[in-house]
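First the structure, then my questions, so here it is.
The values are calculated or read from the model by the stated rules, or taken from the named source; none is laboratory data. Values in this document were obtained by computation on a predicted structure and should not be read as measured data. Please note: Cβ atoms are built from the backbone with ideal geometry, for glycine as well, and neighbour counts cover all protein chains shown. Accessible surface areas use protein heavy atoms only, side chains included; no ligands, DNA or RNA. Shrake-Rupley method; radii C 1.70, N 1.55, O 1.52, S 1.80 Å.
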Amino acid sequence: MSDCTFCKIVAGLLPSYRVLEDEHTLAFLNIRPASPGHTLVVPRMHARDVWEISKISHGEVADMVHRVAALLKTTLAPRA
Ligand SMILES: [Zn+2]
């Protein structure tokens, strides 16, 4: 959608720091992080809100959230 900020980020029309991405989803850092590594994961296909996302897309987003969490654990965890 032309006025959707997330679609503009996915398309590269707005800048973002991309953490991970795949064919279905994009993970990028929040511009107002609540904590270090605060990452947003969005589907590449536009959705107005969470209720408009298909069950399959929810699964793809959840998979990316899991991948991002694993990455953040290795990059943000205190080193022994
Ligand atoms: Zn959108």
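Every residue in segment 21-36 that is more than 21 Å from K55 (Cα to Cα) and either part of a strand (DSSP E or B) or touching a helix residue (DSSP H, G or I) at 6+ places or on another chain (Cβ under 8 Å) (or both), please.
F28, L29, P36
Given (1) in a loop (DSSP other than H, G, I, E, B); (2) at pLDDT below 95, identify the lone condition not met by L13.
Just one mismatch for L13, condition (2).
Tell me yes or no: at least one residue of segment 63-79 is within 13 Å of the ligand (Cβ to nearest atom), open to solvent by 40 Å² or more (accessible area, probe 1.4 Å) and modelled with pLDDT of 95 or more.
No: zero hits.
Would it be correct to say that T39 is in contact with a helix residue (DSSP H, G or I) (Cβ under 7 Å, 6 or more places away or on another chain), hydroxyl-bearing (S, T, Y) and more than 21 Å from S2 (Cα to Cα)?
yes
Moving to a separate point now. Mind listing just one residue for me: the one in segment 1-57 that is of a type in the set (S, T, Y) and away from the ligand (no atom under 13 Å from the Cβ) and, of those, surrounded by the fewest Cβ atoms within 10 Å (Cβ to Cβ)?
Filtering segment 1-57 for residues that are of a type in the set (S, T, Y) and away from the ligand (no atom under 13 Å from the Cβ), the one surrounded by the fewest Cβ atoms within 10 Å (Cβ to Cβ) comes out as S35.
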